[in-house]
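Take a look at the structure set out below.
The values are calculated or read from the model by the stated rules, or taken from the named source; none is laboratory data. Keep in mind it's a predicted model, so treat the numbers as computed, not measured. Please note: Cβ atoms are built from the backbone with ideal geometry, for glycine as well, and neighbour counts cover all protein chains shown. With ligands, DNA and RNA removed, areas are computed over all heavy atoms of the protein, side chains included. Shrake-Rupley method; radii C 1.70, N 1.55, O 1.52, S 1.80 Å.
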Amino acid sequence: MKEEQAFQEEKQQNVSTEEATETIQEQEESVNEAAGLEAQEEDTEVAKLRAEAEEHQQRFLRAQADFDNFRRRTLKEKEELAKYASMKLVTELVPVLDNFERALATAQQGAETESFAKGVEMIFRQFEGVLQAEGVTAMNSVGQPFNPDFHQAIMQVESEEHEEGIVVEEVQKGYMLKDKVLRPAMVKVSM
């Protein structure tokens, strides 16, 4: 009986050892599966993070390009503003120039008026010089084709000398400030 009992105990120990071995194997498989899932999750997370980093890099590059464009545009606007800063003042001075021209045109040739005319002419030349230094130039319109960007037609006249659409008379001078029209010329156009 003792032998049988020893055999039974040994058999139970073998069964217990086999069960323990199976349990250990199952646990190892579970650990391996968990490790595999963790590795897959880590790979997925790494891929997501890389995609996110790439997206952020692209956004950064676009923002940097936008800023460079903004800086260039702002610099160009500043240059243009400086170039045309005197436009308002010059616009107000142009009618004064017109009045000087009219005064010179109506000056009578006499002893008293001759010195007056000479003085007004000197002022006119000085004033004209200041405006030219600022970039103001008078337009030469007579004989040129009518251009609505540079001319303001006030009437059409019949002319045998000129073709249709040619400026035949300038009623009021037009002026340019550098490369912009300050005031269009008032003209009569042939028809």
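Key figures
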{"read-out": "Number of positions in region 110-132 that are under 20 Å from Val94 (Cα atoms), of a type outside the set (Lys, Arg) and open to solvent by 90 Å² or more (accessible area, probe 1.4 Å)", "value": "3"}
{"read-out": "Residue within region 140-157 that is modelled with pLDDT under 85, closer than 25 Å to Arg183 by Cβ, of a type in the set (D, E, K, R) and not in a helix (DSSP H, G or I) present", "value": "no"}
{"read-out": "Residues that are on the phi > 0 side of the Ramachandran plot and out of contact with any helix residue (DSSP H, G or I) (no Cβ under 9 Å at 6 or more places or on another chain), drawn from region 156-186", "value": "Gly165"}
{"read-out": "Number of the condition not met by Lys48 [criteria: (1) in contact with a helix residue (DSSP H, G or I) (Cβ under 7 Å, 6 or more places away or on another chain); (2) at pLDDT 80 or above]", "value": "(1)"}
{"read-out": "Matching option when the condition is modelled with pLDDT under 85 and either in a loop (DSSP other than H, G, I, E, B) or open to solvent by less than 80 Å² (accessible area, probe 1.4 Å) (or both), among Glu170, Glu161", "value": "Glu161"}
{"read-out": "Enumeration of residues in region 73-93 that are assigned to a helix (DSSP H, G or I), of a type outside the set (A, V, I, L, M, F, W, C) and surrounded by 14 or more Cβ atoms within 10 Å (Cβ to Cβ)", "value": "Lys83, Thr91"}
